[in-house]
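Student: Below is one structure. I have some questions about it.
Bear in mind these aren't lab numbers, they're just calculated from the coordinates by the rules spelled out. If you're wondering where the values come from, they're calculated on a predicted model, not measured in any experiment. As a convention, Cβ positions derive from the backbone with ideal geometry for all residues, glycine included, and neighbour counts pool all protein chains shown.
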Amino acid sequence: MPVSPTDPVSPIDPDSTTGPDSTIGTAAAIAAATIAAAAAADDSTGTDALPYAGGNPYADYRHGEFAFTALTDLADRRLGGAVLAANDELFAERENLLLPEPAEFRPHTFGNKGQIMDGWETRRRRGAGTARPHPTAEDHDWALIRLGVPGIVHGVVVDTAHFRGNYPRQIAVEATELPGTPGPEELLAADWEPLVPRSPVRGHAANGFAVASRRRVTHLRLSQYPDGGIARLRVHGEARPDPAWLAALGTFDLAALEYGGAVEDASDRFFSPPANMIMPGRSRSMGDGWENRRRRDEGHDWVRLRLAGRGVVRAVEIDTGYYVGNAAGWAALYGRDEHGAPDDWFELVPRTRLQPDAVHRLLLPGARPVTHVRLDVFPDGGIARLRLHGSLLDD
């Protein structure tokens, strides 16, 4: 299956020595491993994809293992990402680029313009005339993307799933930072910084690119040379929302992805990733939360989160929506302040009985600063959403 934010990353062995205080999954560790993982991605199959021969359309899909995919997809449509404009989308609409689901392929589904593809696909480029029928080396198509949440990009995945003979030869990604909500005209006139230089891509494959720049960005420009189709674009990194906006909000969900919260580690990601818990809105199905496998020991599952900043949590929501026969039985919440005693966890919510398919609202006494929280579930089971309502401290 293709790399996407809805796919689980490598599950953690519940019998290993990894614990809730480990540093596995932190942004620093992910950044350090990114370049090595990208370099180790299998490229033995070359750039050409075989024609579709029937059967499972993903059977020969080439997927890479990229450490940065554990970070938030800053362009996720569910966070507000959008494709604002493209110079061409004759065969397939630009909006498909940011759909959270893996790209699908339904053979022999033809519309008036050809095979219906789940991605962004442009027409075939041509040269200037009879004497020069081929496009030049600089001819390309482009799309402008607004990130759902501004941030620092650690890596990009350009997924050409199901584009076998019609994928681009090369791609490039540029970035800029603009305030407010600029339109295509302002973006086309902006100053752009390269994130991914012009690079070759493979067909029917997840093409991953580590990013060295640590500049905060708000928009991207994706270019493909000279033309072709791209199924999905994933932009993994660390959220950096506008601090003035957060200050104006006052009280907000300190764990939310859209405000800079992030999952650092978890005991298990077997059925669905824990980052689903801090997505915007209510869960839409059982697969839209965090669900671990059934435990057959005396342990329990947990997830550790980094909050948007150092703050005070005043109210907690634990939502088990859509988990009817597989909700967590009990939950407890702990906090940690890395600016105080970074190794000391203290209780925020004692072990509390949970009901299936229900929202549990809990008020917290006191006002102790936290930078991280750990949610423990007993013995296992699903959590749809976790909300930690509070405010940031001045520091």
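Student: Would you order Asp139, Asp301 from fewest to most other beta-carbon atoms within 10 Å of each residue's own beta-carbon?
Tutor: Listing Asp139, Asp301 from fewest to most nearby Cβ atoms yields Asp139, Asp301.
Student: Could you give the length gained on full extension between Glu317 and Thr251, defined as 0.36 nm per residue of separation minus the Cα-Cα distance, in nm?
Tutor: Length difference between fully extended and current span is 22.3 nm.
Student: Going by amide H atoms built from the backbone, whose H comes under 5 Å of the H on Ala315, apart from near neighbours?
Tutor: HN-HN under 5 Å from Ala315: Leu364, His389.
Student: Scan around Ser272 for amide H atoms under 5 Å from its own, H built in the peptide plane at 1.01 Å from N, and keep only partners 5 or more places away or cross-chain.
Tutor: Glu291
Student: For region 61-68, what does the Karplus curve 6.51 cos²θ - 1.76 cosθ + 1.60, with θ = phi - 60°, yield as ³J(HN,Hα) per residue in whole Hz, taken in order and with x for Gly and Pro?
Tutor: 5, 9, 10, x, 10, 10, 4, 5
Student: Something else: Go ahead and run the numbers for FRET between Arg214 and Asp297, Cβ-Cβ distance against an R0 of 30 Å, rounding to 0.05.
Tutor: Efficiency, from the Cβ-Cβ distance: 0.15.
Student: Let me ask something else. Which residues' amide hydrogens lie under 5 Å from the amide hydrogen of Asn207, considering only partners 5 or more residues apart or on another chain, with H built in the peptide plane?
Tutor: Result for Asn207 returns Val158, Asp159, Thr160.
Student: Go through region 295-305 residue by residue and turn each phi into a ³J(HN,Hα) via Karplus (6.51, -1.76, 1.60, θ = phi - 60°); whole Hz please, and just put x for glycine and proline.
Tutor: Running phi through 6.51 cos²θ - 1.76 cosθ + 1.60 with θ = phi - 60° gives 7, 10, 9, 9, x, 8, 9, 7, 9, 10, 10 Hz.
Student: May I have the extent of the alpha carbons of the chain along their three principal axes, as whole Å values ordered from largest to smallest?
Tutor: Ordered largest first, the chain gives principal extents of 78, 47, 38 Å.
Student: Here's something else I'd like to know. Tell me, in nm to one decimal, what length is gained between Trp142 and Arg284 on full extension, where the rule is 0.36 nm per residue of separation less the Cα-Cα distance? Each step should come with its number before you reach the end.
Tutor: Numbers: separation 142, 0.36 × 142 = 51.12 nm, distance 3.28 nm.
Contour length minus the Cα-Cα distance gives 47.8 nm.
Student: Another question, if that's okay. Among Met117, Met277, Met286, which comes first, then next, by fewest other beta-carbon atoms within 10 Å?
Tutor: With the sparsest Cβ surroundings first, the list reads Met286, Met117, Met277.
Student: Taking only C-alpha pairs under 8 Å that are 6+ residues apart, what is the relative contact order of region 293-395 in percent?
Tutor: So the answer I get is 48 percent.
Student: For region 248-257, what does the Karplus curve 6.51 cos²θ - 1.76 cosθ + 1.60, with θ = phi - 60°, yield as ³J(HN,Hα) per residue in whole Hz, taken in order and with x for Gly and Pro?
Tutor: 5, 5, x, 9, 7, 7, 5, 8, 5, 4
Student: Please sort by residue number the GluC sites (Glu not before Pro) in region 262-341 whose DSSP state is loop and whose Cβ has at most 10 other Cβ atoms within 10 Å. Please report the intermediate quantities before stating the final value.
Tutor: Values: sites: Glu264, Glu291, Glu298, Glu317, Glu338; in loops: Glu298, Glu338.
Those satisfying the criteria are Glu298.
Student: Roughly what angle does helix 27-40 make with the longest principal axis of the chain, taking Cα atoms, 0 to 90 degrees, to the nearest 10?
Tutor: The two axes meet at around 30 degrees.
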